[in-house]
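Please read the structure below before turning to the comments.
The values are calculated or read from the model by the stated rules, or taken from the named source; none is laboratory data. This one's a predicted model, so the numbers in the text were calculated from it and none came from an experiment. In this analysis, Cβ positions are derived from the backbone assuming ideal geometry, glycine residues included, and neighbour counts consider all displayed protein chains. Accessible surface is based on the protein model in full, side chains and every heavy atom, while ligands, DNA and RNA are left aside. Shrake-Rupley method; radii C 1.70, N 1.55, O 1.52, S 1.80 Å.
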Amino acid sequence: MFGEVQTVFRAEMLALLICVKHVEAQAEVVFYTDNLGVSNAYYKGIAQCHTCINQDLLRLIFLYVINKHIKLYLKWMPSHL
């Protein structure tokens with residue numbers, strides 16, 4: 001993982017970045033996460049990236065989604081039932 005800060009939130013955000021980086025253009029992706037913060041940060045939209053502690057990763061995610069015309073849906077699910 002790159003960056004000085006190593007957190008679960010950042011690792012989940014990085015997993016999403018790796019996903020959108022490697023899918024084909026115009027893909028439809030459903031990404032499941034147990035990290036509600038990642039889901040909420042994405043659904044706030046690109047205009048709110050500056051409010052995210054991991055805005056560097058979130059901006060890259062949006063750039064891939066926009067440039068590759070990816071339909072990305074995040075689904076949050078609790079990790080402990």
note = With a 1.4 angstrom probe the carbon and sulfur portion of accessible area for the chain, in percent, totals 59 percent
task = Just need the relative contact order of segment 1-74 here, percent rounded to a whole number, with Cα pairs under 8 Å and 6+ apart.
result = 44 percent
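Any idea what the dipole of the chain comes to, in debye rounded to 20, about its Cα centre with Lys/Arg Cβ at +1 and Asp/Glu Cβ at -1?
180 debye
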key: Residue-averaged [θ]222 nm for the chain, counting only DSSP H segments that reach four residues, each worth -39500 (n - 2.57)   = -14500 deg cm²/dmol
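Per residue, how much accessible surface does the chain expose to a 1.4 Å probe? Answer in Å², no decimals. Before the final figure, lay out the partial values.
Numbers: 5270 Å² over 81 residues.
Value returned for the chain: 65 Å² of accessible area per residue.
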task = Multiply the residue gap between Leu81 and Tyr43 by 0.36 nm, knock off their C-alpha separation, and tell me the result in nm, one decimal place.
result = 11.3 nm
query = What does the convex hull of the alpha-carbon atoms of the chain project to on average, in nm²?
reply = 5.3 nm²
